[in-house]
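Asks: Below you will find the structure I want to go over with you.
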Amino acid sequence: AYFYVSGGLMGLVLYMVGTTEQQERFVKPMIENRWGGTMVLTEPDAGSDVGAGTTKAIHVEGDVYHLEGIKRFITSGEQDYSDNIIHLVLARPEGARPGTKGLSMFIVPKFHVNEDGTLGDRNGVFATNVEKKMGLKASTTCELSFGTTETPAVGYLVGGVHDGIRQMFHVIESARMLIGTKSIATLSTGYLNALEFANERVQSADLTEAMDKTAPRVTIISHPNVRRMLMLQKSHVEGMRALLYFTAWVQDQKVRFPEDEAWDALDDLLLPLVKGYSSEKAYELLAQSLQVFGGSGFLQDYPIEQYIRDAKIDTLYEGTTGIQGLDLFFRKIIRDQGKTVTKLAERVLEVVKGGSDEFSVERELLGNALENTQGQIGALVGYAMASQEDPTELYKAGLHTNHLLESLSEVVIGWLLLRHAEIAHEALAGSDESDRAFYEGKIASARFFARNVLPAIEHRRRLAETETGWLMDLPTESF
């Protein structure tokens, strides 16, 4: 449950964008995780469309405002882990323009904070509902009401400037990285549970002796389909973890070389992959973890059913997978004129064209996958350009942005796994028996992913290139 309190993350953001007075009053106890923090965007009629929010901010004096409105789906909006909760709230000052650019961000503490840092009276923000959820039950997901009682909900304009959506994106981007981490970790533990079960559960004879009724029973990891399911999970876990680490390394380079905007651009390109692809694949492949258990996995005796329920939310909050796909194509590729994705492709090509003969098949498959992903991008860019004459051409692109998210993610993962395999292959020569299985497992992950996952990208390219947009012409009554 501690994962969802988020005081440290919100405190870091306030340290980056708050005024000196706000930093001194709020940041230290948040960084020390004595106070919790929330990000407060969603409203009953403003979900993915954040700019439709109607919560209003009424100016009182200086940077002080009174907020009025209802927010929902607020993670840890009320809890008793912390002495105080600092809500970072998007609201629209009276008279501000519509859309996201009219939103400002406000600090709304659960308890007022006195000048000496002690807690004062209760502020006018209250949890008016706690959602009953499919999973994620360790955290309270709340509806928050601002200014609906006699006590006003006092908020402080963050940084003293009306720049809410840009400020909130510091929170959103960190949260997306965090969710990718959670997704990968959940699939990892699901896989490890399935692996342990497969090594212990004895059932049926080996397939080669299936007709021999006297043949000895074997552990289910001996069965081909179980091995396939396990390696599908293993290769994705290791590949998505590599994607996460690579993205974290890029973020380190942003700090080391702040003047080089290329690192910022690469981080922006990778975040939809970390969040969107990892969350989708974790949820999808946890079903494979459960499948390894057979009927036992459907029981609460084992943790997989909870992992599945807890993992689904990762595809939904902090931008659904559909939003991640649109963001990847329209903001991170089109707006960037393809410069960053081209530089990333050059990194992949270095591995395709180099490396040992041991992985010649895998390098060829990676090269084909890269070419087909570039073909997908080309098709979607063509539709975007054609939309200048016919806006409905955008529908063709929109039908395939999720597919593009999948393909680009898999190319990057295939590239990283192949780099791992090259290192493991070299290490095998001097390894002892205690390390051999680990290195062979790394090689197996790269081989399996290249041979079983990457070929699907060619199909997605064909779908993109032959799109007619007919689905958008179908009457809604026909669904």
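The values are calculated or read from the model by the stated rules, or taken from the named source; none is laboratory data. No experiment lies behind these values; they were computed from the predicted model shown. Every residue, glycine among them, receives a Cβ derived from its backbone with ideal geometry; neighbour counts consider all protein chains shown.
Asks: Check ALA429 against each of (1) modelled with pLDDT of 95 or more; (2) under 26 Å from GLU238 (Cα atoms); (3) among the hydrophobic types (A, V, I, L, M, F, W, C) and name the one condition it does not meet.
Replies: In the conditions (1) modelled with pLDDT of 95 or more; (2) under 26 Å from GLU238 (Cα atoms); (3) among the hydrophobic types (A, V, I, L, M, F, W, C), ALA429 misses (1) alone.
Asks: Let me spell it out: the conditions are (1) surrounded by fewer than 20 Cβ atoms within 10 Å (Cβ to Cβ); (2) at pLDDT below 95; (3) among the hydrophobic types (A, V, I, L, M, F, W, C), and ALA46 meets all of them except one. Which number is the exception?
Replies: (2)
Asks: Considering only region 392-399, I want to know if a residue exists there that is crowded, with 18+ Cβ neighbours inside 10 Å and closer than 26 Å to VAL351 by Cβ.
Replies: The answer is no, given that none of the residues of region 392-399 is crowded, with 18+ Cβ neighbours inside 10 Å and closer than 26 Å to VAL351 by Cβ.
Asks: Quick one: which residue in ILE74, ILE70 is surrounded by fewer than 21 Cβ atoms within 10 Å (Cβ to Cβ), of a type in the set (A, V, I, L, M), assigned by TED's automatic domain parsing to the domain that holds ASN129 and assigned to a strand (DSSP E or B)?
Replies: Details: ILE74 fails: surrounded by fewer than 21 Cβ atoms within 10 Å (Cβ to Cβ).
Answer to the check: ILE70.
Asks: Is it the case, given these coordinates, that TYR245 is of a type outside the set (D, E, K, R), surrounded by fewer than 13 Cβ atoms within 10 Å (Cβ to Cβ) and within 26 Å of VAL411 (Cα to Cα)?
Replies: Yes.
Asks: Related question: Quick one: which helices (runs of 4 or more DSSP H) lie wholly within region 332-444 and hold at least 2 residues that are under 29 Å from MET472 (Cα atoms) and not β-branched (Val, Ile, Thr)?
Replies: Because the criterion is at least 2 residues that are under 29 Å from MET472 (Cα atoms) and not β-branched (Val, Ile, Thr), the helices (runs of 4 or more DSSP H) in region 332-444 that meet it are 360-386, 393-398, 401-428.
Asks: Follow-up question, since we're still on this one. Against the conditions (1) assigned by TED's automatic domain parsing to the domain that holds VAL50; (2) at negative phi, where does ILE172 fall short? Just the number, please.
Replies: (1)
Asks: Note down all Cβ pairs under 8 Å where the first residue falls in region 367-388 and is of a type in the set (S, T, N, Q), the second is part of a loop (DSSP other than H, G, I, E, B) and surrounded by fewer than 17 Cβ atoms within 10 Å (Cβ to Cβ), and they're at least six residues apart or on different chains.
Replies: The qualifying pairs are ASN368/PRO455.
Asks: Something else about it: Looking at region 274-317, which of its residues are surrounded by fewer than 19 Cβ atoms within 10 Å (Cβ to Cβ), of a type in the set (Asp, Glu) and in contact (Cβ under 8 Å) with a residue 12 or more places away in the chain?
Replies: Matches in region 274-317: GLU305 only.
Asks: A further question on this structure: Could you check region 282-318 and list, in sequence order, the residues that are more than 12 Å from the chain's Cα centre (by Cα), under 30 Å from VAL171 (Cβ atoms) and β-branched (Val, Ile, Thr)?
Replies: ILE308
Asks: From the list GLN233, GLN203, GLN167, which residue is touching a residue at least 12 places away in the same chain (Cβ under 8 Å), surrounded by fewer than 18 Cβ atoms within 10 Å (Cβ to Cβ) and not β-branched (Val, Ile, Thr)?
Replies: Unique residue meeting the criteria: GLN203.
Asks: Output the residue which, of all residues in region 206-230 that are without any contact (Cβ under 8 Å) to a residue 12 or more places away in the chain and of a type in the set (Asp, Glu), is surrounded by the fewest Cβ atoms within 10 Å (Cβ to Cβ).
Replies: That would be ASP212.
Asks: Okay, moving on. Pairs under 8 Å by beta carbon, first residue over 14 Å from ASN402 (Cβ atoms) in region 454-479, partner surrounded by 10 or more Cβ atoms within 10 Å (Cβ to Cβ) and basic (Lys, Arg), six or more apart or different chains?
Replies: Short answer, once both residue conditions are applied: THR468/LYS396; GLY469/LYS396.
Asks: Of all residues being in contact (Cβ under 8 Å) with a residue 40 or more places away in the chain and in a loop (DSSP other than H, G, I, E, B) in region 49-67, which is farthest from the chain's Cα centre (by Cα)? Just the residue, please.
Replies: Restricting to residues being in contact (Cβ under 8 Å) with a residue 40 or more places away in the chain and in a loop (DSSP other than H, G, I, E, B), the top hit is ASP63.
Asks: Quick test of your reading of the structure: THR186 fulfils all but one of (1) within 27 Å of ASP327 (Cα to Cα); (2) β-branched (Val, Ile, Thr); (3) surrounded by fewer than 18 Cβ atoms within 10 Å (Cβ to Cβ). Name the failing condition by number.
Replies: Exception for THR186: condition (3).
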